[in-house]
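Undergrad: Submitted below is the structure of interest, expressed as structure tokens.
The values are calculated or read from the model by the stated rules, or taken from the named source; none is laboratory data. If you're wondering where the values come from, they're calculated on a predicted model, not measured in any experiment. For neighbour counting, all protein chains shown are included, and Cβ atoms are generated from backbone atoms with ideal geometry for every residue, glycine included. Side chains included, ligands, DNA and RNA excluded: accessible areas come from the protein's heavy atoms. Shrake-Rupley method; radii C 1.70, N 1.55, O 1.52, S 1.80 Å.
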Amino acid sequence: MARLNKSFDKALWVFHVNSGSCNGCDIEIVAALTPRYDVERFGIKLVGSPRHADVMLITGPVTKKLSEKVKRVYDQMADPKAVIVVGTCGCTGGTFYESYTLDGPVDNVIPVDVYVPGCAARPEAIIQGVVKAWEKLEKLRGDSV
Amino acid sequence: MSASEQHIGLDIAPAPGKKAPYRFQVGPIHPALKEPMMFDFTMDGETVVNVDLVGGHNHRGIEWMGMRRNPVQTLYLAERICGICSATHSFAFSRAMEDALDIPVPARAEYIRVIVAELERIHSHLLWAGVAAHEIGFDTLLHWTWKLREGVMDALEYISGNRVNYGMFQIGGVRRDITPEMVPKIHDYLDYYEGILGKIIHVFLNDKTVQMRTQNIGIATKEDVVKLAAVGPTARASGWKTDVRYNQPYSAYANLDIEPITPEAVRGEVVGDIYDRIIVRALEIKQSIEIIRGCVSQMEPGEILWEPKMAKLLMELKKRGGEGVGRHEAPRGEAIHYVKKVAGDENVTYWKVRASTYNNLLAWVPMLIGDEIADIPLIVASADPCFSCTDRVAITNNAGKTILTGEELHRLSVEKTRRLMQ
Amino acid sequence: MGETGEVEGGFGLRHYIERFTPSAEEFLRKKELTPQELAGWFAEKFGERVRDIVAKEKPEGTKGALRRTIWMNADREILRDMIRSLIDEIHYPHLSVISGTDEGEKVELQYHIQVYYGERATETTISVRFALPKDDLWIDSICDLIPGALISEREKQEMLGVDVRNIYDSRRYFLPDDFPQGVYPWRKDETGIKPEMVRKLSEVGL
């Protein structure tokens, strides 16, 4: 993985992908960004393009129609990057444990760094997940320097 | 009429030397349940002349899964159809099962169901209002409404223990009671909203920016919504008084006088534009508060479950058979579940779910046609499909190459607001 | 496939929604009937082609509201006639959804139609079942009478393999494009989901 640059010390920009989730985790991600939890004060910001993002927040059990698109979004993100799965269905399938139209869980489609279980994952858990990814990226920097 | 005449691409002949009409796609990543969308637009300059809908990206095969599980397991699956309407689908599914298998529901449970469903409506409408504000480029308003929304999330967490997927419903009742000690706190939450609601409504209805971006944009007429079988606030904003709570009262709604809200109340007339949809949702928050207060005051002590023992409930469900329909007025409109259960069968034999957006899909077509690219995010959001769709869209040209990201589409929308402000 | 809007390179729904615009008169309530009277109207109108009509009025709540429902079986040939007569003589129907079941030899479609909406506690849910033999699996499209039926009809084509005659748009809506032809998720026979198509997400990586 490429070396982390200095800007990483301050802020993580996240890109959110919905791979067929129920919206429960998605609204909790937005709740984490808005005033009650306000992660923007840590410089964590939701961006509109994968090319700007350090971290991918992915929700949902990955439907067949979307699995190619998820891979494409992952490839578009610049290295170094981290992937966080938010929600039980993305981690293990959860309540959608068997289906004819799912390609999940997420780690079957793209490499995953942090798993945040919960149905739906609470905003606190999502923030903790982002911090874990941060630690991991920091460590990577230590290794590569 | 021949097939060639029907294709809209041919409805507008390209001017000599020009390439119009051109096509672009918005989507497909979109969060709604069965309605994740790709929009395929035909454009003439800035104006939408035609649109096609390509869906199914979120198709998880939930109905198929449900037919392999027992009714109680299916109930939890139903809850996870949509994280925003989790009370909706468990409500409609339990009602369908109760209708099919002839199971009575205790009166107290009916009130608790309605309280949860109405709290959900408040949270869903506030969420929607924030998203609409974001699409206009009014992010202060987004953060403000989402801050207010945390109040109702706290109330839901206080009652059910969860912020999302409340797990309150059970076939033949509810799983948790609202004890008398909980009532004052529920009133506190409602007082909080009652105190601040006037302010929210004032901002959304009187702010110049909001008015400029929403009035006379994205119009669907009453004829459009009736023939396209639209439901919920999308239909009511066009002047069609359709509301399951009123048309076919059910559960504890039958004990309360509920009037469907149409925009005349504020505006004096029905236009059917985005502004009307804001009016309907804003007033529905107020209505929900009244409904919850009504429920809390009418609720009498009593049982909350038809059969509290799970093993016995499952046995009884297995023994019985029948078919039934359950309907519920979700925040987005009528949701309907159909179930068929063969007696002796452990699983739900057949299950059909129809969420509200399913019926509202086609209503987007009249709304979008004739409007500008910059209005697309707002119009799409105005039917409340789900909030974050337009955050993550990509517009591609025919070759499939990305030329506009969702961010840029959002930027276009914000720029239009700025232009109008000058 | 009859009348469709599909041509090379594009597809639009504009013509679809504009080709049928009912007059204001068609939206009006024509005759006020109770469920029992409505059941009688159906029996009189369609004779032996409708069977097993059950009209119910179930009390809801304490204020005397009634939930009105009618269930019946009917021959598929009268579907369009039935919708047309409802529009002309009763009330413009609101199609809630079409559901479908696999009954072994037959596929059964249930049309859930609402009439008398728009007033307090008068709405009546009419659920009409149509049995279609599997070796001759078709039903007429009603999307020119109720344009809102399009998505529901498309869903029945892909989920149950019903040939909806004269449907405006016969493309798949829910299933992925590479989903095998001839497999219908809601069927319980050999054309249903095969065990090898099912992915067990919970067992991945164990």
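Undergrad: Using only helices, what value at 222 nm comes out for chain A when you add -39,500 (n - 2.57) per DSSP H run of length 4 or more and divide by the total residues, to the nearest 500 deg cm²/dmol? Can you show the working numbers first?
TA: On the way: 4 runs with 50 residues, N = 145.
Taking each H run of at least 4 residues, the total per residue is -11000 deg cm²/dmol.
Undergrad: Considering every residue in C:171-184, what mean count of other chain Cβ atoms within 10 Å of its Cβ is obtained? Could the numbers behind the result be given before it?
TA: Working: counts 2, 3, 7, 9, 7, 11, 4, 2, 6, 0, 0, 0, 1, 0.
Average per residue, whole number: 4.
Undergrad: Need one value for B:349-357: mean number of C-beta atoms belonging to other chains within 10 Å of its residues' C-beta atoms. Could the numbers behind the result be given before it?
TA: Values: counts 4, 9, 3, 11, 2, 8, 1, 0, 0.
Average per residue, whole number: 4.
Undergrad: Rounded to the nearest 0.05, what FRET efficiency do C:GLU203 and B:ARG68 have when you use their Cβ-Cβ distance and R0 = 22 Å?
TA: Working: r = 16 Å, r/R0 = 0.71.
It comes out at approximately 0.90.
Undergrad: Moving on. Given a 1.4 Å probe and heavy atoms of the protein chains only, how would you sort B:HIS202, B:HIS134, largest accessible area at the top? Kindly include the intermediate steps, with their values, before the conclusion.
TA: Working: B:HIS202 110, B:HIS134 35 Å².
Order by accessible area, largest first: B:HIS202, B:HIS134.
Undergrad: What residue among B:SER297, B:SER288, B:SER238 shows peak mean-square fluctuation when chain B is described by a Gaussian network model with Cα springs under 10 Å?
TA: So, out of B:SER297, B:SER288, B:SER238, the one fluctuating most is B:SER297.
Undergrad: Continuing with the same structure: With springs only between Cα atoms under 10 Å, which of C:GLY192, C:GLY100, C:GLY12 fluctuates most in a Gaussian network model of chain C?
TA: Highest fluctuation among the options: C:GLY12.
Undergrad: Give me the distance between the Cα centres of segment B:40-63 and segment C:166-198, rounded to whole Å.
TA: 21
Undergrad: Starting at the first residue of segment C:118-129, write each ³J(HN,Hα) from the Karplus equation 6.51 cos²θ - 1.76 cosθ + 1.60 with θ = phi - 60°, in whole Hz, x for Gly and Pro.
TA: x, 9, 5, 6, 10, 4, 10, 8, 9, 10, 10, 9
Undergrad: Report the paramagnetic label zone for B:GLU316: residues of segment B:165-199 whose backbone N is under 14 Å from a point 7 Å from Cα along the Cα-to-Cβ axis.
TA: Correct set: B:170-175.
Undergrad: Taking the square root of 5 times each eigenvalue of the Cα gyration tensor, what semi-axes in Å does the equivalent ellipsoid of chain A have, largest first?
TA: 24, 18, 13
Undergrad: Quick one: order B:ARG149, B:ARG267 from most to least accessible surface, probe 1.4 Å.
TA: Largest accessible area first, the list is B:ARG267, B:ARG149.
Undergrad: Classify segment B:170-305 as rounded, prolate or oblate from the Cα gyration tensor: take a ≥ b ≥ c as the square roots of its eigenvalues, call it rounded if a/c is under 1.5, otherwise prolate when a/b beats b/c and oblate if not.
TA: It is oblate, given that a/c is not under 1.5 and a/b is not larger than b/c.
Undergrad: Now, a different point. Please go through the residue pairs B:LYS318/C:LYS188; B:LYS241/C:LYS30; A:LYS45/C:LYS200; B:LYS286/B:LYS416 and name each one whose alpha carbons sit more than 29 Å apart in this structure.
TA: Working: B:LYS318/C:LYS188 20 Å; B:LYS241/C:LYS30 18 Å; A:LYS45/C:LYS200 35 Å; B:LYS286/B:LYS416 31 Å.
Where the Cα-Cα span goes over 29 Å, the pairs concerned are A:LYS45/C:LYS200; B:LYS286/B:LYS416.
Undergrad: May I pose another question? So, by mean Cβ neighbours within 10 angstrom, what's the order for B:88-99, B:342-353, B:219-230, B:268-279 with the highest one leading?
TA: Values: B:88-99: 27.0, B:342-353: 18.8, B:219-230: 23.8, B:268-279: 22.1.
Those peptides, ordered most packed to least, come out B:88-99, B:219-230, B:268-279, B:342-353.
Undergrad: Turning to a different aspect of this structure: On a 0 to 90 degree scale, rounded to 10, what angle separates helix A:24-33 from the longest Cα axis of chain A?
TA: The answer is roughly 20 degrees.
Undergrad: Using the basic label-point model (7 angstrom from Cα toward the beta carbon), what is the B:ASP191 to C:ASN73 distance in nanometres?
TA: 6.1
Undergrad: Could I have the simple spin-label model distance between B:GLU269 and A:LYS132, label points 7 Å from Cα toward Cβ, reported in nm to one decimal?
TA: 5.8
Undergrad: Express in whole angstrom the spacing between the alpha-carbon centres of segment A:80-145 and segment B:239-289.
TA: Taking the Cα centre of segment B:239-289 as reference, the centre of segment A:80-145 is 41 Å away.
Undergrad: Can you work out the accessible area per residue across segment B:257-387, with the rest of the protein chains kept in place, probe 1.4 Å, in square angstrom?
TA: Numbers: 3920 Å² over 131 residues.
On a per-residue basis, 30 Å².
Undergrad: By the scheme Lys and Arg +1, Asp and Glu -1, what is the net charge of all other residues having a beta-carbon under 9 Å from that of C:PRO133? Please list the in-between numbers first.
TA: Working: positive: C:LYS106, C:LYS134; negative: C:GLU105, C:ASP135, C:ASP136.
Net charge around C:PRO133: -1.
Undergrad: Measuring from label point to label point, each 7 Å out along Cα→Cβ, what is the C:LEU28 to A:GLU68 span in nm?
TA: Between C:LEU28 and A:GLU68, the simple spin-label model gives 5.3 nm.
Undergrad: Decide, for segment C:165-206, between rounded, prolate and oblate: order the square roots of the alpha carbon gyration tensor eigenvalues as a ≥ b ≥ c, take rounded if a/c falls under 1.5, and otherwise choose prolate if a/b is larger than b/c, else oblate. Could the numbers behind the result be given before it?
TA: Values: a/c = 3.62, a/b = 2.00, b/c = 1.81.
Since a/c reaches 1.5 and a/b is larger than b/c, the shape of segment C:165-206 is classed as prolate.
Undergrad: Sticking with this one: Where in chain B are the helices, taken as whole DSSP H runs, whose Cα atoms extend 27 angstrom or more along the long axis and whose Kyte-Doolittle mean reaches at least -0.5? Mind dumping the intermediate values first?
TA: Working: long enough: B:107-136 (44 Å, 0.41); B:139-160 (31 Å, -0.17); B:183-206 (34 Å, 0.25); B:274-298 (36 Å, 0.39).
Helices passing the filter in chain B: B:107-136, B:139-160, B:183-206, B:274-298.
Undergrad: OK, next. In degrees from 0 to 90, rounded to the nearest 10, what is the angle of the helix C:150-160 Cα long axis to the longest principal axis of chain C?
TA: 50
Undergrad: Ok, one more. What GluC sites (Glu not before Pro) does segment C:161-206 have in DSSP loop regions with at most 10 other beta carbons within 10 Å?
TA: Sites meeting the loop and neighbour criteria: C:GLU190.
Undergrad: May I pose another question? Suppose the chain between B:MET182 and B:GLN215 were pulled fully straight at 0.36 nm per residue; how much longer would it get relative to their current alpha carbon spacing?
TA: Values: separation 33, 0.36 × 33 = 11.88 nm, distance 4.19 nm.
Value of the extension gain: 7.7 nm.
Undergrad: Let me ask something else about it. For segment B:364-370, take each phi angle, set θ = phi - 60°, evaluate the Karplus expression 6.51 cos²θ - 1.76 cosθ + 1.60, and give the result in whole Hz per residue in order, putting x for glycine and proline.
TA: Once rounded to whole Hz, the list reads 5, 4, x, 5, 7, 5, x.
Undergrad: Specify whether the C-alpha gyration tensor of segment A:30-89 places it in the rounded, prolate or oblate class, a ≥ b ≥ c being the square roots of the eigenvalues: rounded for a/c under 1.5, otherwise prolate if a/b is larger than b/c and oblate if not.
TA: Numbers: a/c = 2.50, a/b = 1.42, b/c = 1.77.
It is oblate, given that a/c is not under 1.5 and a/b is not larger than b/c.
Undergrad: Local charge sum around A:ILE84 (other residues, Cβ-Cβ under 9 Å, Lys/Arg +1, Asp/Glu -1)? Working shown, then result.
TA: Numbers: positive: A:LYS132; negative: A:ASP113.
Neighbour charge sum, excluding A:ILE84 itself: 0.
Undergrad: Protein chains only, probe 1.4 Å: how do B:GLU150, C:GLU25, C:GLU48 rank by accessible area, largest first? Walk me through the numbers before you get to the answer.
TA: Working: B:GLU150 0, C:GLU25 135, C:GLU48 165 Å².
So, going from the largest accessible area down, we get C:GLU48, C:GLU25, B:GLU150.
Undergrad: A further question on this structure: Taking the alpha-carbon distance from B:LYS312 and a cut-off under 25 Å, which lysines remain once sequence neighbours fewer than 8 residues away in the same chain are dropped?
TA: In chain and number order, the partners are B:LYS340, B:LYS341.
Undergrad: Right, next: Where is the GNM fluctuation largest for chain A (alpha-carbon springs, 10 angstrom cutoff): A:GLY129, A:GLY87, A:GLY48?
TA: The residue that fluctuates most here is A:GLY48.
Undergrad: Can you tell me how much longer the chain between C:ARG84 and C:GLU190 gets when fully stretched, taken as 0.36 nm per residue apart minus their C-alpha distance, in nm with one decimal?
TA: Residue separation times 0.36 nm, minus the Cα-Cα distance, leaves 34.5 nm.
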